[in-house]
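Report on the following structure.
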Amino acid sequence: MYCEKCGAELKENQTVCENCGNTPAKKEDKQVLGMKWYKFNVNFSLFFVGVLTVISGILDITQFKIDTAIMWLIYGAFAIVVRFRLSGFKKDAPLMMVCLNVVYAVVQGYNAIMYGGNSAFVLGIILAILNYVYFKKRKELFVK
C-alpha cells in the first residue's frame, strides 16, 4: 500500500506514514490498486528505453540520419527524466508518461514515412491510452 499524500510505500497494517505523517485510508474504505506496472516502468522499462534510444540515436548519426538521431536522443533523455519524475511521485509524472508514449508514436511514424519500416507508432498510441487510464486511477498518489 502507498501513502495517498506523499506516495511512500507503507508496511502492512501501518497506521501512519513515516514519511509525511498522513493516516492512510483503510483497505475497506478504498479500493487498493496494484502498482506492478508502475514499478516495472520505474525500475526497468524507462531506464532501459532511455539508454537504448540514446544508443539508437548515436547509431543513426553514423548512418547520417541526423533528423532521427536528434529525435531519438531527445526521446531517450526524456524517458530518463520521466523515470525520475515517476519515482518521485511528482504530480506531472503521469502526464509526462503519456506524452512520452505520444512522442514515441510520432518518431516511429516519421521513421516509417522517411525511411520505410514498420508501423510501431501504433504501439505508442496504445501505450499512451493504457498509461492514461492506468495513471488516472492512481492520480492521488502523485501529489508532490
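The values are calculated or read from the model by the stated rules, or taken from the named source; none is laboratory data. Note that the coordinates shown come from a computational prediction; the quantities given were computed from them, not determined experimentally. Glycine gets a Cβ as well: all are built from the backbone with ideal geometry, and neighbour counts include every protein chain shown. Note: areas computed on protein heavy atoms with side chains; ligands, DNA, RNA excluded. Shrake-Rupley method; radii C 1.70, N 1.55, O 1.52, S 1.80 Å.
Tabulated data for the structure shown
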{"read-out": "Selection count, region 104-120, where residues are free of Cβ contacts under 8 Å to residues at least 12 places away in the same chain and either part of a helix (DSSP H, G or I) or touching a strand residue (DSSP E or B) at 6+ places or on another chain (Cβ under 8 Å) (or both)", "value": "2"}
{"read-out": "Condition check for residue 48: over 14 Å from the mean Cα position of the chain (by Cα), hydrophobic (A, V, I, L, M, F, W, C) and farther than 30 Å from residue 12 by Cα", "value": "no"}
{"read-out": "Index of the failed condition, residue 81 passing every other in (1) at negative phi; (2) open to solvent by less than 40 Å² (accessible area, probe 1.4 Å)", "value": "(2)"}
{"read-out": "The listed residue being in a helix (DSSP H, G or I) and closer than 26 Å to residue 6 by Cα, out of 86, 73", "value": "86"}
{"read-out": "Hits in region 121-144 (condition: open to solvent by less than 30 Å² (accessible area, probe 1.4 Å) and under 26 Å from residue 70 (Cα atoms))", "value": "124, 128, 131"}
{"read-out": "Scan of region 108-120 for residues that are surrounded by fewer than 20 Cβ atoms within 10 Å (Cβ to Cβ) and not hydroxyl-bearing (Ser, Thr, Tyr), ordered by number", "value": "109, 112, 113, 114, 116, 117, 118, 120"}
{"read-out": "Residue within region 54-64 that is open to solvent by less than 40 Å² (accessible area, probe 1.4 Å), of a type in the set (Phe, Trp, Tyr) and either outside any helix (DSSP H, G or I) or at pLDDT 90 or above (or both) present", "value": "no"}
